[in-house]
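Beneath this line is the structure, given in structure tokens, with notes to follow.
The values are calculated or read from the model by the stated rules, or taken from the named source; none is laboratory data. All of these numbers come straight from a predicted model, not from anything done at the bench. When we count neighbours, we look across all protein chains shown, and the Cβ atoms used for this are built from the backbone with ideal geometry, even at glycine. When the accessible area is computed, the model is the full protein with side chains, heavy atoms only, and any ligands, DNA or RNA have been set aside. Shrake-Rupley method; radii C 1.70, N 1.55, O 1.52, S 1.80 Å.
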Amino acid sequence: MKAQTERVAGEPGAAVEPGGAVEPGAAVTGAVGPGAHHEHEVWRHRHILDVDDFTIDEIELVMATAAEMKEILSRPIKKVPTLRGTSVTIIFWEASTRTRVSFEVAAKNLSADVVNIAAQASSVTKGESLVDTIRTIEALGADMIVMRHGTSGAPYLAAEHFSGHVLNGGDGWHAHPTQALLDLYTMREHLPEGTVAGRKVVILGDVLHSRVARSNIWTLTKSGVDLWLCGPATLLRGFERWAGATIPGSATFTVTSDIERALEGADVVMALRIQKERQESGLLPPLREYTARFALTRERLALASPDALVMHPGPMNEGLEIMPDVATGTQSVITDQVTNGVAVRMALLFLVSGVRDVE
Amino acid sequence: MSSRALAGADLAIGAPVAHLELDGVWAVDPAAGREGPADLVVEEGVLADLEWHESSGARRGRGRATSDGQRHGLVVAPGFVDLHAHFREPGFEDAETIVTGQAAAAHGGFTTVCLMPNTEPPIDEAPTLRTVLARAAESGIPVRVLAWGAATRRREGKGMAELGDLAEAGAIGYSDDGAPIPVGLLRNVLAYAGMLGRVVADHAEDRELTSGAEANEGLIGTILGLKGWPRSAEESVIARDIAILVDVLGSDSSAARLHLTHVSTAGGIDLVRRAKAAGLPVTCDVTPHHLALTDEWLAGARRWSWQAWQDGPDRDGSGAPTANPWAGDALAGPPYDPALKVNPPLRTPSDAIALLAGLRDGTVDAIATDHAPHTLVDKEVEFGLAANGISGIETALGIVLVAVEAGKVSLLRAVEALTVGPARVLGPAGVPAPALEVGRLADLVLFDPADGWLVSESALSSRGKNSPLLGRSLPGRVLLTVGAGRLAYRDPDLA
Amino acid sequence: MPSPVAEREILSADEIRRALVRIAHEIVEKHGGTDDLALVGVQRRGVPLAYRISASIADHERVTVPVGAIDITFYRDDLSMVAHQPVVKATDLPFDPSGLTIVLVDDVLYTGRTARAAMDALMDFGRPRAIRLAVLVDRGHRELPIRADHVGKNVPTSREEVIKVRLRELDGMDEVVLHRLAEGDRP
């Protein structure tokens, strides 16, 4: 999404829509005109735990701020002093390279001091409880905690015992708010008119165990998307009920195991990672069958719109849920997701930093 | 108006009540099938006099609850009987002891409590049972403590415990609560227990279906990313247990009796209803939290089950309302409160409504608290790792009164489910039917439905502060609890 | 929108125009020409002012001095004191400032913190040969050792007063007014 537009010189200031197209015949006077400005919003979130309680305006604010952060990433010096003196502790109870490094880069780009804790190596393995670990981190002077945990709801427990800000880098099956926001940013960046409203977006794969899917469901339904979830019935367990529940805004929500119907005319296809454990836990037949019926292949992708975006939260099992030629093909925006991840996380670190101890 | 006179204002806990006069209180006596304004006198620990005022709204409480505009002031009822509580001693005294449990029970208006045997060591042998009963008797708090004996050795499900010895030592029945009695043994336990005149209480759970489960399988569990606890895990076991009971009655022992404890699903209640209609000796109890709380509390909502049921905008496949707390502004607090993690899990509003209907129509015999205190260490952890259980013996009356105030059950019926109902479940091996009977040792509770109390850690006598109602006000402040003619609890502000 | 509180006009539209013309001349005079000269407006109102100054220079010198825009939100030293998140606008520097003389343009000079943040931001883009500061109004009360090279008008104020600059590109009209803060207003 582009934050700057070109304007006819001398026009009285009208609010310009972010991502607005260049007006035909706009006079260019040697520099791009003043950037789009946004309605001043009050941002309520002291933590980033989930996107279920984000208003549409807050989502827009994240998108706009991320665009500014992306501009910083294009500079020779990719750093601003905004969070100088702020201490960010990153503690991941579940291994992850991509998200952890993304947060670290984001925090450092804002000049924050970063402490990285791999929970396996810390006293957590000696049986220290989550609450005690958080208290220790607070005593060590952390202002912000970025955490990933294998149990749904863990960040809420952490937030209750921490006087600073908690950002959720993924909890159990429940939520991955920063991922959903960077996914949305990426979609808006590539889709015509910079909007997802009314677009057909398909989330394909192991939805049941996916926090990426759940958080995307919130952001996409709030954005008025035509949302489809597709996968084997055992991995869609319970989502038909969600699809039947009251949805905000103008979204539609369909759950199906019919992959052809799901992909037909899709504007975005997001493939989710399938783990070998699913076969072992009795949820699926041997994964060969999953690949045969549900993998995102070139042939299946051809059912979607010719400009459809291919996305994946990573890490990918190429050859299992997504074929290599699709993952690296022209429609793939997977590497943009990674870049945008840094910008979105910078935006979120910035936005929560201004919120004091609340209500 | 009511007045009361309690002679010897500094009466100690455990001391006999020398003289107590209650004028114009609302007496509720389910054994006599009546409620209404009355005057009551206790003399030297015995209920010496009970004068019903005529022309009262005395009525049987069966059927739909009616709002009672005539009820004034304080209410007196027989002391409550809790069929199902955990006092954690021996083995887990950090969470509760028999003494602290009795104090909590008295605060809740209970004068009889039946303890489950999942202690360490478990109550699977007579000596352990005797120790527990002796501990309760010598505590000085006149709350009668009874015990369920374990059905299987060490509750491990591999062989019958010494059921006969346990009966002789005073066991009121048998249960492996916390765990189901394995299908292989259940038949034999039912038969043997029938022979001994004792009821078998089964915790109906198919553990294969609930492996790793964290929350009721439903919309809330799906959205919160919690592993589902399917209804079939309870319903299938209830159905199976009833079928086995039928075989036992036909071939082994016509005296066998089956009690299903903490039934939480609409389907489960339905199975019990049908079994009763067929004349089978099946009884069941439900907990206050399954009547009034639902799985949407896990998402941070705090509506009573009937409010969620009514306000819920969505309908499930069968047309029953489902609560969607994200649509609207029902979310009142943070999600994943580990105090809400309980076995069986909090279910949907439709289930709770079905439980309330079962309570009204008599399918539900008793309200039992399943009081399950836990230490902070075991509860203040990630939701999926938290120990199961709600510390509920002190909040039971309050929850029940909220339901009465909302018209979901009549006061008479509710008190019946807390007194006469549990006694009937236990049968001759248990307690005499609680009643306000002149000439008997006084066993009663006096409470004020109009006066509330704030549920807080300091207000709870139990060591277990794991209540989801912390910070909430409940109606029905207990003013006085008298057990076997002695003072069990007295409100600090009572004159 | 004009405030209901009593406002006193400090500069009329004509006075603004003349001040900008004078500043444009001064800039060129001080620099000795227009080579290696660029203007950078500080978001928000510094940006249209920078454009007007560049247009004015073009009138006299027949040369277009390039204009950029800089947003200093991420460089503010007072973020922790801001109750609401400040609105982030756009930075756009279509040239490398290294080796150039950059004139920062802003509407009001007050404590000097904005100017200092603007210099920090600018220097993250490169190494200008010199940085100068041009403002429409200097209202005093500096908290840092910063001074403007070019000033439209000096207006002594008290801390209870607010200077509001309105420009037609953003507000539909040109004027500079002064009003008193009501009790509890944020400056």
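Restricted to the stretch A:216-235, and to residues that are in a helix (DSSP H, G or I) and more than 10 Å from chain B (Cβ to nearest Cβ), which residue is surrounded by the most Cβ atoms within 10 Å (Cβ to Cβ)? Explain how you work it out, then say what you get.
Of the residues in the stretch A:216-235, the ones in a helix (DSSP H, G or I) are A:216-222, A:233-235.
Among the residues that remain, those that are also more than 10 Å from chain B (Cβ to nearest Cβ) are: A:216, A:219-222, A:233-235.
Working: A:ASN216: 29, A:THR219: 24, A:LEU220: 26, A:THR221: 19, A:LYS222: 20, A:ALA233: 11, A:THR234: 15, A:LEU235: 24.
This residue is A:ASN216.
Which of (1) surrounded by fewer than 24 Cβ atoms within 10 Å (Cβ to Cβ); (2) in contact with a Lys or Arg (Cβ under 8 Å, 6 or more places away or on another chain); (3) within 14 Å of another protein chain (Cβ to nearest Cβ) is the odd one out, the single condition A:GLY194 does not satisfy?
(3)
Of the residues that make up the stretch C:34-48, is at least one over 17 Å from C:ALA117 (Cβ atoms), open to solvent by 40 Å² or more (accessible area, probe 1.4 Å) and at pLDDT 95 or above?
Within the stretch C:34-48, the first condition is being over 17 Å from C:ALA117 (Cβ atoms), and the residues that meet it are C:34-39, C:48.
Narrowing further to those that are open to solvent by 40 Å² or more (accessible area, probe 1.4 Å): C:35-36.
Cutting the leftovers down to at pLDDT 95 or above gives us C:35-36.
Yes.
So which of B:PRO492, B:PRO449, B:PRO475, B:PRO434 is crowded, with 17+ Cβ neighbours inside 10 Å and in a loop (DSSP other than H, G, I, E, B)?
Details: B:PRO492 fails: crowded, with 17+ Cβ neighbours inside 10 Å; B:PRO449 fails: in a loop (DSSP other than H, G, I, E, B); B:PRO475 fails: in a loop (DSSP other than H, G, I, E, B).
Only one candidate qualifies: B:PRO434.
Based on this model, can you work out whether B:VAL402 counts as part of a loop (DSSP other than H, G, I, E, B), among the β-branched types (Val, Ile, Thr) and surrounded by fewer than 24 Cβ atoms within 10 Å (Cβ to Cβ)?
Working: part of a loop (DSSP other than H, G, I, E, B): no; among the β-branched types (Val, Ile, Thr): yes; surrounded by fewer than 24 Cβ atoms within 10 Å (Cβ to Cβ): yes.
Spelling it out, it is not the case that B:VAL402 is part of a loop (DSSP other than H, G, I, E, B), among the β-branched types (Val, Ile, Thr) and surrounded by fewer than 24 Cβ atoms within 10 Å (Cβ to Cβ).
Is it the case that some residue within the stretch B:418-428 is in the same structural domain as B:ALA95 (by TED's automatic domain parsing), part of a helix (DSSP H, G or I), among the β-branched types (Val, Ile, Thr) and open to solvent by 10 Å² or more (accessible area, probe 1.4 Å)?
Yes; the residues of the stretch B:418-428 include at least one that is in the same structural domain as B:ALA95 (by TED's automatic domain parsing), part of a helix (DSSP H, G or I), among the β-branched types (Val, Ile, Thr) and open to solvent by 10 Å² or more (accessible area, probe 1.4 Å).
Kindly provide the set of residues from the stretch B:399-417 that are under 26 Å from B:LYS379 (Cβ atoms) and within 12 Å of the chain's Cα centre (by Cα), ordered by number.
Passing the criteria: B:ILE399, B:VAL400.
Are any of the residues in the stretch A:301-311 of a type outside the set (S, T, N, Q), more than 14 Å from chain B (Cβ to nearest Cβ), open to solvent by less than 30 Å² (accessible area, probe 1.4 Å) and in contact with a Gly (Cβ under 6 Å, 6 or more places away or on another chain)?
Step one: filter the stretch A:301-311 for residues of a type outside the set (S, T, N, Q), giving A:301-304, A:306-311.
This time we only want the ones that are more than 14 Å from chain B (Cβ to nearest Cβ), so: A:301-304, A:306-311.
Checking which are open to solvent by less than 30 Å² (accessible area, probe 1.4 Å) leaves us with A:301, A:304, A:308-311.
Among the residues that remain, those that are also in contact with a Gly (Cβ under 6 Å, 6 or more places away or on another chain) are: none.
No, because not a single residue in the stretch A:301-311 is of a type outside the set (S, T, N, Q), more than 14 Å from chain B (Cβ to nearest Cβ), open to solvent by less than 30 Å² (accessible area, probe 1.4 Å) and in contact with a Gly (Cβ under 6 Å, 6 or more places away or on another chain).
So is A:TRP218 aromatic (Phe, Trp, Tyr) and farther than 21 Å from A:GLU60 by Cβ or not?
Working: aromatic (Phe, Trp, Tyr): yes; farther than 21 Å from A:GLU60 by Cβ: no.
No, not satisfied.
Does any residue of the stretch B:364-382 turn out to be within 14 Å of chain A (Cβ to nearest Cβ), open to solvent by 20 Å² or more (accessible area, probe 1.4 Å), part of a helix (DSSP H, G or I) and not aliphatic (A, V, I, L, M)?
Yes, that holds for at least one residue.
Just checking: which of the helices (runs of 4 or more DSSP H) contained wholly in the stretch A:236-291 hold 2 or more residues that are more than 14 Å from chain B (Cβ to nearest Cβ)? Steps first, answer last, please.
On the way: elements: A:239-244, A:259-263, A:277-280.
Once the helices (runs of 4 or more DSSP H) in the stretch A:236-291 are filtered for at least 2 residues that are more than 14 Å from chain B (Cβ to nearest Cβ), what remains is A:259-263.
With the requirement that a residue be polar (S, T, N, Q) and more than 14 Å from B:GLU394 (Cβ to Cβ), what does the stretch B:79-102 give you? Give the steps one after another, and end with the answer.
Going through the stretch B:79-102, the residues polar (S, T, N, Q) turn out to be B:97, B:100, B:102.
The one that is polar (S, T, N, Q) and more than 14 Å from B:GLU394 (Cβ to Cβ): B:THR97.
I'd like to verify a number: residues in the stretch A:42-69 that are open to solvent by 50 Å² or more (accessible area, probe 1.4 Å), within 11 Å of another protein chain (Cβ to nearest Cβ) and not hydrophobic (A, V, I, L, M, F, W, C), how many?
Going through the stretch A:42-69, the residues open to solvent by 50 Å² or more (accessible area, probe 1.4 Å) turn out to be A:42, A:44, A:53, A:55-57, A:60.
Then drop every residue that is not within 11 Å of another protein chain (Cβ to nearest Cβ), which leaves A:42, A:44, A:53.
Of the ones still in play, those that are also not hydrophobic (A, V, I, L, M, F, W, C) are A:44, A:53.
Qualifying residue count for the region: 2.
Being under 30 Å from A:VAL207 (Cα atoms), without any contact (Cβ under 8 Å) to a residue 40 or more places away in the chain and under 21 Å from the mean Cα position of the chain (by Cα) narrows it down to one of B:GLU205, B:GLU235, B:GLU217, so name that one. Lay out the reasoning, then the answer.
On the way: B:GLU205 fails: without any contact (Cβ under 8 Å) to a residue 40 or more places away in the chain; B:GLU217 fails: under 21 Å from the mean Cα position of the chain (by Cα).
The match here is B:GLU235.
Might you check whether a residue that is crowded, with 16+ Cβ neighbours inside 10 Å and under 21 Å from B:TRP52 (Cα atoms) occurs anywhere in the stretch B:458-470?
no
Checking B:THR222 against (1) surrounded by fewer than 24 Cβ atoms within 10 Å (Cβ to Cβ); (2) of a type in the set (Val, Ile, Thr); (3) touching a Phe, Trp or Tyr at 6+ places or on another chain (Cβ under 7 Å); (4) in contact (Cβ under 8 Å) with a residue 24 or more places away in the chain, which test does it fail?
Failed condition: (4).
Taking the criterion of being surrounded by fewer than 16 Cβ atoms within 10 Å (Cβ to Cβ), on the phi > 0 side of the Ramachandran plot and modelled with pLDDT under 95, would at least one residue in the stretch A:277-284 satisfy it?
Yes.
Here is a list of conditions, (1) modelled with pLDDT of 90 or more; (2) over 21 Å from the mean Cα position of the chain (by Cα), and A:HIS40 meets all of them except one; can you say which number that is?
(1)
Can you give me the number of residues within the stretch A:137-172 that are more than 8 Å from chain B (Cβ to nearest Cβ), over 16 Å from A:ARG100 (Cα atoms), part of a helix (DSSP H, G or I) and open to solvent by less than 30 Å² (accessible area, probe 1.4 Å)? Walk me through how you get there before you give the answer.
Kept after step one, since they are more than 8 Å from chain B (Cβ to nearest Cβ), are these residues of the stretch A:137-172: A:137-148, A:150, A:155, A:158, A:161-170.
Narrowing further to those that are over 16 Å from A:ARG100 (Cα atoms): A:137-143, A:158, A:161-165.
Adding the requirement that they be part of a helix (DSSP H, G or I) leaves A:137-139, A:158.
Applying the additional criterion that residues be open to solvent by less than 30 Å² (accessible area, probe 1.4 Å) yields A:137, A:158.
Here the count works out to 2.
Given the residues B:ALA372, B:ALA339, B:ALA327, B:ALA301, which is the only one that is out of contact with any helix residue (DSSP H, G or I) (no Cβ under 9 Å at 6 or more places or on another chain), at pLDDT 90 or above and either outside the structural domain of B:PRO422 (by TED's automatic domain parsing) or closer than 27 Å to A:PRO155 by Cβ (or both)?
Checking each option against the conditions leaves just B:ALA372.
If you go through the stretch B:250-297, how many residues are open to solvent by less than 10 Å² (accessible area, probe 1.4 Å) and over 27 Å from B:ILE390 (Cα atoms)?
Residues flagged as open to solvent by less than 10 Å² (accessible area, probe 1.4 Å) and over 27 Å from B:ILE390 (Cα atoms) within the stretch B:250-297 amount to 2.
Please go through the stretch B:88-104 and pick out each residue that is closer than 18 Å to B:ILE390 by Cβ and of a type in the set (D, E, K, R).
B:ARG88, B:ASP94, B:GLU96
Which condition from (1) within 14 Å of chain B (Cβ to nearest Cβ); (2) of a type in the set (Gly, Ala, Ser); (3) under 24 Å from the mean Cα position of the chain (by Cα) is the one that A:ALA295 breaks?
Of (1) within 14 Å of chain B (Cβ to nearest Cβ); (2) of a type in the set (Gly, Ala, Ser); (3) under 24 Å from the mean Cα position of the chain (by Cα), only one is false for A:ALA295: (1).
Counting only residues that are open to solvent by less than 20 Å² (accessible area, probe 1.4 Å) and free of Cβ contacts under 8 Å to residues at least 60 places away in the same chain, which one in the stretch B:103-120 is nearest to B:ASP491 (Cα to Cα)?
B:LEU115
Would you be able to tell me the number of residues in the stretch A:72-99 that are under 18 Å from A:LEU351 (Cβ atoms), touching a residue at least 60 places away in the same chain (Cβ under 8 Å) and out of contact with any strand residue (DSSP E or B) (no Cβ under 8 Å at 6 or more places or on another chain)?
4
Has the stretch B:386-393 got any residue that is over 18 Å from B:ASN216 (Cβ atoms), at pLDDT 95 or above, under 23 Å from the mean Cα position of the chain (by Cα) and surrounded by fewer than 24 Cβ atoms within 10 Å (Cβ to Cβ)?
For the stretch B:386-393, residues over 18 Å from B:ASN216 (Cβ atoms), at pLDDT 95 or above, under 23 Å from the mean Cα position of the chain (by Cα) and surrounded by fewer than 24 Cβ atoms within 10 Å (Cβ to Cβ): absent.
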